[in-house]
Structures are given as C-alpha cells and as structure tokens.
1. Taking only the alpha carbons of region 138-195, what extent do you get along each of the three principal axes, in Å, biggest first?
2. If you roll a 1.4 Å probe over the heavy atoms of the protein chains, what accessible area per residue do you get for the chain, in Å²?
3. Using only helices, what value at 222 nm comes out for the chain when you add -39,500 (n - 2.57) per DSSP H run of length 4 or more and divide by the total residues, to the nearest 500 deg cm²/dmol?
4. Averaging over all projection directions, find the projected area of the Cα convex hull of region 83-205 and quote it in nm² with one decimal place.
5. Report in % the part of the accessible area of the chain that belongs to carbon and sulfur, leaving out ligands and nucleic acids; probe 1.4 Å.
6. Against the longest principal axis of the chain, how steep is helix 2-19, in degrees 0 to 90 to the nearest 10, with axes from Cα atoms?
7. Any idea what the relative contact order of the chain is, in percent, if you count C-alpha pairs under 8 Å spaced at least 6 apart?
8. By a straight-distance test (C-alpha under 16 Å), which lysines pair with LYS152 as possible cross-link partners, with residues fewer than eight away in the same chain excluded?
Amino acid sequence: MIKLLVTSLLVTMSFYAMAQTDSLGAAVYSAGKSKPQKMGVVEKKQILSGHTLDLKQFEVYTLTLAAGKKYTPHTSDNKFERLIVVKSGNIKLILKDSSKTVGPGSLALVLADDEIKFENTSAEPVNWYVLKYLSKNEDIKRGHDAGPSFIKDWNSLKATISPKGETRMVFDRPTSMFERFDVHATVLNNGYNSHDPHTHRAEELILMINGDSQFQIGQQKFHAYNGDAVLMASKILHAAQNTGTAPCGYYAIQWHNLKGD
C-alpha cells in the first residue's frame with residue numbers, strides 16, 4: 001500500500017514538473033501592465049520575460065528614444081539574437097557597416113555576435129519593439145552562413161492582397177538561434193478570420209502593430225490591442241478573428257527549432 005502511494009505521488013510530481021517547465025504560457029501579454037524603466041537615454045517597458053519550450057531566455061519589450069539622441073545597447077546583448085520592429089517615429093538603424101533610416105513597421109534581424117546602434121535624428125521621440133532571445137538550438141555559424149544581419153524597410157515589403165486583407169512576407173531563413181525563422185506581416189480586414197483554428201509544434205508570437213483582434217487560444221477567446229504580444233505555445237489550438245470595425249495589423253513570428261517543424 002505504501003509503495004503504491006509513493007508511486008502515485010512520484011507520478012503526480014512528474015506531471016506537475018512537466019506543467020511547470022515553461023515560465024511563459026500561451027496568453028496575451030501587454031506593456032500597459034508594466035512601469036516604464038529609465039535606462040540611460042532610453043525608456044524601457046517590459047511586455048514579457050521568461051522561457052519557453054524552445055527558448056532558454058525570451059524577452060519582449062519596447063524602448064523609447066528622445067529626439068536628437070543616440071543609443072547603443074550594452075555589449076552583453078550581443079550574445080542574444082534580436083528582432084527589432086519600429087513601433088512609431090523614424091529611426092536611423094546602424095548595423096555593422098550599413099545604416100538606414102526607417103519608419104513604423106520596419107524591422108531588423110540582428111544575429112548573435114552582431115551589434116546594432118540607434119540614432120533619432122527627428123524632432124519627435126521614436127519607439128520600437130525588441131525581441132531578445134537565446135534558443136536551446138543555438139548555432140552561431142548556421143546563422144551567419146545563411147546570410148548577414150539585415151534591415152527591412154516597411155515600404156519595401158511587397159503586399160499580396162486578398163479579400164481578407166494583405167500579407168507581406170518578410171523573411172524565412174535559418175538564423176543563429178533557429179533551424180528556420182519565419183516572419184510575415186498581416187493586415188486582417190474586419191469580419192475575417194486569419195485561418196481556421198489549428199496547431200503546430202513550432203512556437204509563435206503575434207505582435208499587434210495596429211488596431212485590435214480577437215484570438216482563440218485553446219478553447220478560450222481573448223482580445224489583443226495595438227502594442228500587445230500574443231504567445232502561442234507549442235501545439236496549442238489558435239486562430240485570429242478581426243471582430244472590430246476596422247482592419248488590424250500584426251506581425252506573425254514563428255520559430256522552428258527542429259528540422260521537421
């Protein structure tokens with residue numbers, strides 16, 4: 001009897017440990033719940049921080065840089081891979097030997113071991129998202145062999161138009177953290193679903209950049225607004241529906257840690 005109780009307890013503890021593996025669950029995360037943090041010339045607002053099935057460390061936050069100021073992240077950030085998405089304003093991005101001034105919706109992929117600098121030459125503050133992460137399948141050589149870090153101007157992204165709205169393919173390639181990193185931008189017209197509810201092994205982050213939308217996560221439905229991040233955990237049922245009165249826009253960011261994802 002005691003042996004049976006011990007075995008049952010161990011099994012229960014095992015399931016509990018599995019359930020606690022990921023500190024970040026599938027949910028809508030908002031910067032509005034965090035207090036601004038002054039970091040030198042920039043102001044930081046945390047959206048999420050923790051780890052997931054495929055990410056040892058994962059942070060999403062916004063940074064705001066005042067007019068006429070320059071900002072260089074600490075060198076310790078260079079061990080991470082980073083995805084930068086401009087939220088508002090125009091910013092000069094300096095990436096290795098190249099630089100480009102870009103506006104809202106534009107982004108930069110910064111591979112691990114590379115440095116990026118920011119310069120606000122405008123008369124208004126500029127604000128951008130940072131996705132900073134370390135993968136459980138890190139391979140610096142793989143990322144750099146697939147191509148250098150880069151900047152993408154929103155105005156240069158080709159839109160595919162349908163009754164649902166617009167899709168812009170941004171990139172789909174191996175990186176220093178993933179076997180495959182897939183990013184596209186969607187404008188979803190009101191009254192439309194992005195697709196039927198579905199699942200996949202790869203984790204995914206939806207970054208709302210305009211308007212609001214309803215998201216199914218598992219068997220529940222939630223609203224996400226401009227500036228929110230929606231994390232879809234591995235194999236969780238999910239879908240998006242624009243239940244509002246105007247189009248909404250978001251980035252769909254999906255990382256594949258296994259060749260078969």
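1. The Cα atoms of region 138-195 stretch 44, 24, 11 Å along the principal axes, largest first.
2. 50 Å²
3. -3000 deg cm²/dmol
4. Its Cα hull, projected and averaged over all orientations, spans 9.1 nm².
5. For the chain, the apolar C and S fraction of the accessible surface comes to 54 percent.
6. Rounded to the nearest ten degrees, it is 10.
7. Computed value for the chain: 17 percent relative contact order.
8. LYS87, LYS92, LYS96, LYS100, LYS117
The values are calculated or read from the model by the stated rules, or taken from the named source; none is laboratory data. Treat the numbers as computed from the prediction; the structure is a model and nothing was measured. Accessible surface is based on the protein model in full, side chains and every heavy atom, while ligands, DNA and RNA are left aside. Shrake-Rupley method; radii C 1.70, N 1.55, O 1.52, S 1.80 Å.
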